[in-house]
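Structure record follows, encoded as structure tokens.
The values are calculated or read from the model by the stated rules, or taken from the named source; none is laboratory data. None of the values given here were measured: they were computed from a predicted structure. FYI the Cβ positions are ideal-geometry reconstructions off the backbone, even for glycines, and counts take in every protein chain you see.
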Amino acid sequence: MKYNVLSCLLILALFDLGVSSHRIHIPLKRVRTSISPYANKIMTPRPYVRTRGSPIDPFKNYDDAEYIGTITIGSPAQEFDVVFDTGSSNLWVVGNQCNDAGCQGKHAYNPQASNSYSANGQSISIQYGTGSMDGRLDNDNVQVAGFTIVNATFGEATSLADFFQGQPLDGILGLAYPAIAADGVVPIFDDMIAQNLVSNPLFAVYLDSTPGDEKSAIIFGEIDQQYYQPPINWIPVTSQTYWAINLDDVVVGNNHPGGCDGFFSYCTAIVDTGTSLIVAPTDAFNQLQAAIGNVSSDCSNVDSLPTINFVFNSKSLTLSIPPSTYVLKDPQSGQCELGIAGMDGIPLWILGDTFIRQYFTIFDRGQNRVGLAALPSKK
């Protein structure tokens, strides 16, 4: 029986922006929709390679769950709905000269309509597993929650892969490290730091699990105490490319699926808001699925499924994901499915939204670490 995977679309609530000095707080609304069975396929991977000239992003999935917020570009302001993505580093939006199917129905940037636009003169190309984004680089003012990044460099898509067709986004705002930015472009968050728009070089994500509410948020510059219960568990970033951390073990009952638990062995994991699921290499996923057991499509056995424990910091920190979090329920069909997937050809785990929903997640560029804290108790 086919199951249309849950789509979590977190859309910016424009009427409730919380802005204070050096603090950028973007409340997000969670909207769930069902999508076609083809949309939830994570893209066929190419070799895992990154270069400054042509970065490869082979495992991204923008179809299942997206953090979507509204930014503006130019003077006067032109609005765009973008994915806040910690798995990439460039900002790009659709341009008004793009006629591809992937650009149709989207807000398009018109450089000639902006008084603050200046030509950059360079091209940009970002390769995805099933196509690419090709275009040119522009310079213009970018606004995030009312704060203006002056003369930011971003991509204007003139050609866009078909898999973006029908997606509720006009572009992607990457929040990973500069090392993986296409063409050496300075990422937007680095510009925010350099222009003193945030008091601290960090941002945090809170993803509430209640459909339709407006409690979810991305907060730039502060660690907002209303979103978590102490302590914050800090994990060092191991590679300043993605938000990569060491994963020392995955434990389900007496099983250790994934092969991360050897004496001299560990796995690499990236914490990625742009991927909806927890994604593992195929062999590790098969072991994990066997340890979990089958998820009944009628959701009747969810409460009896085991907890998954992720182990970090040289096995001194264990963070648990209960079945109520890692099993996804389609609100229309009422059917359940595992919120974890396997993929051939990737050498790491991706801790996407299935994981992030369980923990308040802090991305600290100043000290190159990821913080994870328990969510507040629901009242």
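To keep it simple, each residue is scored yes or no on (1) at pLDDT below 95; (2) assigned by TED's automatic domain parsing to the domain that holds LEU202; (3) hydrophobic (A, V, I, L, M, F, W, C); (4) buried (at least 23 other Cβ atoms within 10 Å of the Cβ).
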site: VAL271; (1), (2), (3), (4): no, no, yes, yes
site: ASP298; (1), (2), (3), (4): no, no, no, no
site: PHE310; (1), (2), (3), (4): no, no, yes, yes
site: THR318; (1), (2), (3), (4): no, no, no, no
site: PRO322; (1), (2), (3), (4): no, no, no, no
site: GLN335; (1), (2), (3), (4): yes, no, no, no
site: PHE355; (1), (2), (3), (4): no, no, yes, yes
Can you tell me how many residues within region 281-340 are in a loop (DSSP other than H, G, I, E, B) and charged (D, E, K, R)? 3
Scan the strands (runs of 3 or more DSSP E) fully inside region 182-260 and keep the ones with 2 or more residues being touching a strand residue (DSSP E or B) at 6+ places or on another chain (Cβ under 9 Å) and surrounded by fewer than 16 Cβ atoms within 10 Å (Cβ to Cβ). 229-236
Under 27 Å from LEU169 (Cα atoms) and at pLDDT 95 or above, is that true of ALA244? yes
Being within 30 Å of VAL271 (Cβ to Cβ), at pLDDT below 95, more than 20 Å from the chain's Cα centre (by Cα) and of a type outside the set (A, V, I, L, M): is that true of PHE147 here? yes
